[in-house]
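Student: Before anything else, here's the structure in question.
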Amino acid sequence: VKKIGVLTSGGDAPGMNAAIRGVVRTALTEGLEVYGINDGYLGLYENRITQLHRYSVSDIITRGGTFLGSARFPAFKEKATREVAIENLRKNNIDALVVIGGDGSYMGAVRLTEEGFPCIGLPGTIDNDIRGTDYTIGYFTALQTAVEAIDRLRDTCSSHHRISIIEIMGRGCGDLTLNAAVAGGCEFMILPEVAYTKEDLIEEIKLGFSKGKRHAIVAVAEHMLDVNQLAKEIEIAVHHETRATVLGHVQRGGSPVPYDRILGSRMGAYAVELLIQGQGGRSVGVQNGKLVHHDIMDALNNMKRPFDMDLYNTAKRLF
Ligand code: ATP
């Protein structure tokens, strides 16, 4: 391996810049050339590829988002599109690629590897929903953001004896909502991993007020239900003003917290080591604090994302 490429794909996440920097600086230290691809697989298809130098990644470790840009490009599922992409990589004499993104981006990396172009996947998403890693790059920054938002809502809810429903991201994974709820001291949670009924939720909120609580905060994982509708139903049932807040893309931005910068840096460096060893089709993870790598397809198909039921049970006892 002499020349490697790096791209970010799918939803952006704070810490992606640290990962790109990790790739670039490690590769240069190892005597490789590095090329940055703009806007993920779209830029690969459109041959928007430029050489990166040490200074290309100066001053980006503190910045959220991804300076390379990211994109959703469904056409990459077509073989013909990927053939153009591989041709562009070959034209630039690039031998291997680091893909930073989520599950979907990993599938693109698998296909490219199967079609003769070795790729390493790094888990870049705030959702913490990738198999084969305890944490994804961006998760802890989003957690910080969600908790800060809950803290602010708590101040105003408490002053007005109000009920607040807060919708938190996670795309089918409840980690962000559960952990934000515990750290933010939320009274109730609705998570994809745990069955719930609205009736039970309403009864619990009523019980809280009967015990003298001044407010209630309900953390809801995205895609579970319509939080504005839930707010209306709760207000009618509990006779307390109820408001819904959808945190949305605010959770994806911001300067990465130290853990995400460190994780991105470590994983970026590790991806380069794996490519130098001639590995492809691998996804990098961190498990029990150690960097690991798995066959991407095996991780996607056979590994489970364990849900922290202990933390959930602890949380239920804190309300
Ligand atoms: P996030 O978790 O933030 O949504 P993601 O990587 O899962 O990130 P997707 O939009 O699912 O986001 O995927 C990103 C891109 O990866 C797609 O737009 C497409 O270009 C490529 N991709 C997704 N699935 C495949 C596939 N089956 N084969 C080839 N490429 C794919």
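Student: Between ASN302 and SER210, what FRET efficiency comes out of the Förster formula 1/(1 + (r/R0)^6) with R0 = 35 Å and r the beta carbon distance, rounded to 0.05?
Tutor: 0.15
Student: Assuming a strict under-25 Å limit between Cα atoms, what lysine pair count do you get for the stretch 193-319 once near-sequence pairs (fewer than 8 apart, same chain) are dropped?
Tutor: Going through the stretch 193-319 pair by pair, I get 14.
Student: Under a 10 Å cutoff between Cα atoms, tell me which one of LEU68, LEU230, LEU275 has the largest fluctuation in the Gaussian network model of the chain.
Tutor: Comparing LEU68, LEU230, LEU275 in a Gaussian network model of the chain, the most mobile one is LEU230.
Student: Let me ask something else about it. Kindly report the accessible area of the stretch 62-155 per residue (heavy atoms of protein chains, probe 1.4 Å, no ligands, DNA or RNA), in Å².
Tutor: Value returned for the stretch 62-155: 38 Å² of accessible area per residue.
Student: Binning at 10 angstrom from zero up to the longest distance, how are the C-alpha pair distances of the chain distributed in percent?
Tutor: Per 10 Å bin, starting at 0, the Cα pair percentages come out as 6, 27, 29, 18, 13, 6, 1, 0.
Student: A further question follows. So what's the angle, to the nearest 10 degrees on a 0 to 90 scale, between helix 227-238 and the longest Cα principal axis of the chain?
Tutor: The answer is roughly 20 degrees.
Student: A further question on this structure: Given Cα pairs under 8 Å that are at least 6 residues apart, what percent is the relative contact order of the stretch 7-99?
Tutor: Normalised by residue count, the contact order of the stretch 7-99 is 39 percent.
Student: Only Cα pairs within less than 10 Å get springs; with that Gaussian network setup on the chain, which residue of ALA237, ALA180, ALA149 has the largest fluctuation?
Tutor: Most flexible of the set in this elastic network: ALA237.
Student: If you don't mind, there's one more thing I want to ask. Taking only the alpha carbons of the stretch 8-73, what extent do you get along each of the three principal axes, in Å, biggest first?
Tutor: Computed over the stretch 8-73, the largest-to-smallest principal extents equal 32, 25, 14 Å.
Student: With all protein chains present, how much of the accessible area of the chain (probe radius 1.4 Å) comes from carbon and sulfur, to the nearest whole percent?
Tutor: 49 percent
Student: Long-range amide H contacts for THR136: which residues qualify at under 5 Å (H placed 1.01 Å from N, peptide plane, sequence gap of 5 or more or a different chain)?
Tutor: The list, which skips near neighbours in sequence, is ASN128.
Student: Another question about this same structure. If you take every DSSP beta bridge whose two residues both sit in the chain, what share of them, in percent to the nearest 5, is antiparallel?
Tutor: 25 percent
Student: Roughly how many Å is it from the Cα centre of the stretch 238-274 to that of the stretch 284-306, as a whole number?
Tutor: What the calculation gives is 20 Å, centre to centre.
Student: Amide H of TYR35 versus every other amide H placed in the peptide plane: which residues, excluding those fewer than 5 positions away on the same chain, fall under 5 Å?
Tutor: For TYR35, whose amide H was placed from the backbone, the distant partners under 5 Å are ILE4, GLY5, VAL6, LEU52.
Student: To continue, here is another question. How much length would be gained if the chain were fully extended between GLN277 and GLU148, taking 0.36 nm per residue of separation minus their Cα-Cα distance, in nm to one decimal?
Tutor: Stretched fully, the GLN277-GLU148 segment lengthens by 42.2 nm.
Student: If I model a spin label as a point 7 Å beyond the Cα along the Cα-Cβ vector, how far apart are those points for ASP200 and ASP59 in nm?
Tutor: Reported label-point gap for ASP200 and ASP59 is 5.3 nm.
Student: Moving on. Simple spin-label model, 7 Å along Cα-to-Cβ: GLU30 to VAL250 in nm?
Tutor: In this crude label model, GLU30 to VAL250 measures out at 4.1 nm.
The values are calculated or read from the model by the stated rules, or taken from the named source; none is laboratory data. Since the structure is predicted, the reported quantities are computational estimates derived from the model, not experimental observations. In this analysis, Cβ positions are derived from the backbone assuming ideal geometry, glycine residues included, and neighbour counts consider all displayed protein chains. For accessibility, only protein heavy atoms count, side chains too; no ligands or nucleic acids. Shrake-Rupley method; radii C 1.70, N 1.55, O 1.52, S 1.80 Å.
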